[in-house]
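The values are calculated or read from the model by the stated rules, or taken from the named source; none is laboratory data. This structure is a prediction, so every number in the text was calculated from the model and none was measured. Heads up, the Cβs are rebuilt from the backbone with ideal geometry, glycines too, and the neighbour counts pull from every protein chain shown. Quick note on the areas: whole protein, heavy atoms, side chains included, nothing else; ligands and nucleic acids left out. Shrake-Rupley method; radii C 1.70, N 1.55, O 1.52, S 1.80 Å.
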Amino acid sequence: NNNAKTDLMGVAYNADLYYSDYDTLKSGVTDYAADYAAALDGAPSNTASSNHSYGVVGTSITSVKNYKNTYGYSNEVTIAAYLNASGLTSTSSGARSWIDSLNSFQSNKGVIVWALSNTAGDTEAHWMAGLPELVPSLNEAWITVGTVDIQGASGSESYTHVNSQCGSTAAYCVVTDSYGVVVASYESALNSGIDTDGSSSNYYTSGIHGNSIGAPWIAGSIALLNEAFPSLTPAQITDRILATADNTFFTATANTSFTNGVTHGYNAVYGHGIPDLYKALQPITSSMMGNSVLVGDNINNSKVYDLSSSGLSLGSSFGDSLSLGLENETSVFYDALYGTFNYDFSKSANKKNIQRN
C-alpha cells in the first residue's frame, strides 16, 4: 500500500486459506457441533493446519471435566451441554461427529491449533482449547497458543507472561510474542466505495494483545514445516515444533519424551516456550540417534545406521566408476524426529585409485 509503515506479510503468505465461521451456521444446518465437523471434513486433503482463534471462554477445561465426572456423562453429551449453555445449539450426535472429525483431521490432514483465552487471570485453558484433556484421543496433533511479551535488547531481554496460562495443556502448548503487534485493520470510511487518497483509512491498528494473533503464526509455521517435510505426519510436525521451542527463559517443571531420546521441558505457564522455526528446520539429534541412514520397508521397522559412518566400500576394480555414476544423485538422511534432509549420495562411495604399471 506504500504506507508509511512497513507493509505486513504473513508467515506463510503463499499458503491457500480455507475459511469457515464458528458462530454462523451454513444454510440448512441447525447443529453447531455438526457444522464444525463438516468444516473440518470439507477442508482440502492437503490442509496443513486448522487455526481456531476463538473459544467459549470463562469456563475452564477442568470445570468441564469435573462436570462430566460428577454426572457420569459421555464426552459428546458434555460437549453438547456446554455448547448449548453458550447459545450454540448442538446435539450429542453432532458433538460425536465433531470429535470424530477432529480425530480424523489430525490423522489424515493436519494439526489443530487453538488460541488460549485473553484473560490474564486464567491459570487454566478454556474448555475448547483443552478438549484433548476431556477426549485423550485428540492429543495427537494439537497445539494451544499463549502470549509472552519480550522487551529489551538482544542478550538482555525480559519475558512477561500475558493472558491465559497453558494450564493442563502445557505438554502441547507454546507461546508467541504477539503482544502489542501492529496488524492489518479495516477501512473506516469510503468515498462512493473507493478510498481515493488514504486520508480516511485505517490500514493498521496497534496494541493487539490477543492469543488470536499468535495462533495463526503457529498455523503458518506448520504450513512451512509441512512443505519442508512432506513425509512427516501431523503428529510428527507437532513434535518438531514442541521439541525445538525456546524454553531457556523459564524453569521447566516437566518433560516430554519424544522418539529416539529427544526430550524437552515445559511448565504450566509458558508450555514448551517460544517456537524456533529455524531450529525446527534443522536436523534434530539426541544421544540415542544422530543423523542417520534408515534401511528397511518403513520408518518403524528400519535399521538405523549413523550417517557419518555409512558408505559404500568397493574393490579397486571398480575404480571411481560408481562415485562418478552417482554424481548429482541426491539421497536423504533422517534426524532423530524423522525429518528428511538431502545430501550428495556420491560422497557415500569410496573412490579407489588404480595404479597402472
ask   = When you go through (1) open to solvent by 30 Å² or more (accessible area, probe 1.4 Å); (2) in a helix (DSSP H, G or I); (3) at pLDDT 95 or above one by one for G220, which number turns out not to apply?
value = (1)
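Here is a yes/no grid of residues against (1) touching a Pro at 6+ places or on another chain (Cβ under 9 Å); (2) modelled with pLDDT of 90 or more:
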residue: Y13; (1), (2): no, no
residue: D16; (1), (2): yes, yes
residue: Y32; (1), (2): no, yes
residue: D35; (1), (2): no, yes
residue: A39; (1), (2): no, yes
residue: T62; (1), (2): no, yes
residue: S93; (1), (2): no, yes
residue: R96; (1), (2): no, yes
residue: I99; (1), (2): no, yes
note = Scanning segment 262-295 residue by residue, the ones that are open to solvent by 50 Å² or more (accessible area, probe 1.4 Å) and of a type in the set (G, A, S) total 1
task = Go through N226, N247 for me and flag whichever is in contact (Cβ under 8 Å) with a residue 40 or more places away in the chain, polar (S, T, N, Q), under 24 Å from D177 (Cα atoms) and buried (at least 18 other Cβ atoms within 10 Å of the Cβ).
result = N226
task = Please identify the pairs in which a residue from segment 134-145 that is in contact (Cβ under 8 Å) with a residue 60 or more places away in the chain and closer than 25 Å to T176 by Cα has its Cβ atom under 8 Å from the Cβ atom of a residue that is aliphatic (A, V, I, L, M) and surrounded by fewer than 19 Cβ atoms within 10 Å (Cβ to Cβ), counting only partners at least 6 apart or on another chain.
result = E140/A235; A141/A235
ask   = On the given criteria, is E124 of a type in the set (D, E) and under 22 Å from D35 (Cβ atoms)?
value = no
message = Every residue in segment 75-85 that is open to solvent by less than 50 Å² (accessible area, probe 1.4 Å) and polar (S, T, N, Q), please.
response = N75, T78
task = Only residues in segment 34-47 that are over 14 Å from D16 (Cα atoms) count as the first member; pair them with residues that are among the aliphatic types (A, V, I, L, M), Cβ under 6 angstrom, at least 6 apart or cross-chain, and list the lot.
result = D35/L25; D35/V29
ask   = If only one of D246, D335 is at pLDDT 85 or above, closer than 21 Å to A219 by Cα and either touching a Phe, Trp or Tyr at 6+ places or on another chain (Cβ under 6 Å) or of a type in the set (D, E, K, R) (or both), which one is it?
value = D246
query = Which of the following residues is open to solvent by 30 Å² or more (accessible area, probe 1.4 Å), closer than 28 Å to T238 by Cα and in contact with a strand residue (DSSP E or B) (Cβ under 9 Å, 6 or more places away or on another chain): G10, G58?
reply = G58
